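The values are calculated or read from the model by the stated rules, or taken from the named source; none is laboratory data. On a predicted model such as this, the values are computed, not experimentally measured, just so you know. Note that each Cβ is placed from the backbone with ideal geometry, even for glycine, and that neighbours are counted across all protein chains shown. The area values use the complete protein model at the heavy-atom level, side chains included, leaving out ligands, DNA and RNA. Shrake-Rupley method; radii C 1.70, N 1.55, O 1.52, S 1.80 Å.
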Amino acid sequence: MKKLGISVVALCLAGCSHAGAVSTASASATTSTKQEPSIWAHEPDLDFDKAGDLPVFNYGIETAATTAFGDVTLYIETEKNGYPGEWNSAGYAKDAMLVEKNNEQGIYSHSGDELYPVSLNKISTAFIAGVVPGPFKDTSGKVNIAYGTANTATSKAEIFSSDFKSINEVPLDQFTYHVTVSDKDPFLACQGDTLGIAGVKNNSSGAMTGWTFETYTPKTIKENMIVPVIDAQFVVRGYTIYSPDGTKVNDLSSDMKYRTGSYINGYYVISDGTYTTVIDAASGGNVATQYQDAKYFEDGYAPVKKNGKWGYVDHTGKEVTDFIFDDACTVYDGYAWVYYNGKYGILNFQNVLDSSSQQINAYWCSPTDETAIGKLTVNIDDLTIRKDAGTESKQTGTCMNGSVYPVFEQKKDADYTWYRINEQD
């Protein structure tokens, strides 16, 4: 192949509608006629304001008969396994995600098919929460976790069918759309090495008589549980994972805080407000360390954020895509929704991983009216992308080692060589 460039001290990488530069780099540009497989199952032209996984209902619910507190309802945070529709044995379709446009919500499949039209007005729902999960009591009195919306003005709730293709209007009192747990309510806790229920005890007249702890092991919870660890003064000092039979699995103690609701598919997230780390729950080992944000693992991959952009890591912590997306959703059956250049698109994740010389590349940036002069392969980690060809130009992102970009123009100044990888605006 004809070489259009060799190792350089610095280069400019221009992404779609923006450009980039680095202070030190090594890269090569070559002509190429090889047809790369499309990374897109659906090109980035889906015009939604938001798209993402169905919201999490964090709790398993158990009614316990106690000596100290009488009959109490415990809301116990549990591990979630599989996909959102399966959580809490809700019986919903696995292949469903929430989309939003102009404060109206709908349900789409991960491959981009509409399940329920974008027509549910979020503003009219309680707390402007839109579609939420919560306990739903049907006409027989049976309680299951359901997805729906709640309208306090009309005292009605709209509950989705299991396939998300229809809704049923019911009285609002059948749907607990917002579970609130007071810090005085009895709760499952670990004190010392003992699992039990902690809470404020009241006398016969209803007056509080102080905190107490009663030994208890849940009887109906079938998933691993996240249990707060309390000291002798009933102050929460950390969290521990317990199995359904009451056996301690792992300690979540860390200088960073456990993120409520993040224990999904064997991993959980901790954060100090600046950095976020994904932890393997079984071993306690770090998988993805010190990112700006992280979502959960599905199909072996998790979206993580660094330098203001999202990409993906595998279960070993290896970064398997460039960090070029403004949002990224979890992977389902080879599909992953990402927000790129102002629109959502759907990645064909297997093609992303199978690309011969890169993971996600910039080939989709190629214009229809300008011909690339070659191809540039990045040979270092975290190459800085800038707005224009200059070291004082605004940084707009980074690209990873192995990324491949089409080159449309080459520029040189006294110190650096620059490459433009987007079409002229």
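Mind running the shape call on the stretch 53-141? Use the C-alpha gyration tensor, a ≥ b ≥ c as the square roots of the eigenvalues: rounded below 1.5 for a/c, prolate if a/b tops b/c, oblate otherwise. Note, shape of the stretch 53-141 comes out prolate. For K343, the accessible surface of its heavy atoms amounts to roughly 70 Å² (probe 1.4 Å, protein chains only, rounded to the nearest 10).
Rounded to the nearest 20 debye, what is the charge dipole size of the stretch 184-338 about its Cα centre when +1 sits on each Lys and Arg Cβ and -1 on each Asp and Glu Cβ?
Details: 13 positive and 19 negative charges, 96 e Å.
Its charge dipole is roughly 460 debye.
Magnitude of the charge dipole for the stretch 87-186, about its Cα centre and with charges confined to Cβ atoms of Lys, Arg (+1) and Asp, Glu (-1), is about 140 debye. Each residue of the stretch 213-326 gets 111 Å³ once the volume of the Cα convex hull is shared out per residue.
Cα to Cα, under 22 Å, and not fewer than 8 places away if on the same chain: which lysines meet these conditions relative to K156? Once the sequence-local lysines are set aside, what remains near K156 is K122, K137, K142, K165. Note on E62 and D415: the model spin-label points, each 7 Å out from Cα along the C-beta direction, lie 6.3 nm apart. Here K375 is the anchor, and the lysines within straight C-alpha reach of less than 30 Å, apart from those fewer than 8 places off in the same chain, are K2, K3, K34, K305, K306, K309, K318, K343, K387, K394, K411, K412. Among the trypsin sites (Lys or Arg not before Pro) found in the stretch 208-240, those both in a DSSP coil and sparsely packed, with 12 or fewer other Cβ atoms within 10 Å of their Cβ, are K219, K222.
So if I place +1 on the C-beta of Lys and Arg and -1 on the C-beta of Asp and Glu, and nothing else carries charge, what would the dipole magnitude of the stretch 123-242 be about its Cα centre? I want it in debye, nearest 20.
100 debye
The largest accessible area among V304, V143 belongs to the first residue in V143, V304, and the rest follow in falling order (1.4 Å probe, all chains).
Under the 0.36 nm per residue contour assumption, what length would be gained going from the current alpha-carbon distance of N151 and D47 to full extension?
On the way: separation 104, 0.36 × 104 = 37.44 nm, distance 2.66 nm.
That works out to 34.8 nm of additional length.
I226 sits with roughly 10 Å² accessible to a 1.4 Å probe, with DNA, RNA and ligands left out of the calculation. Split the accessible area of the stretch 216-271 by element, probe 1.4 Å, and carbon with sulfur accounts for 50%. Placing T194, T67, T240 in order of accessible area, with the largest value first and a 1.4 Å probe, yields T67, T194, T240. Expressed as a whole number of Å, what is the distance separating the alpha-carbon centroids of the stretch 314-348 and the stretch 230-252? Their Cα centres are 34 Å away from one another.
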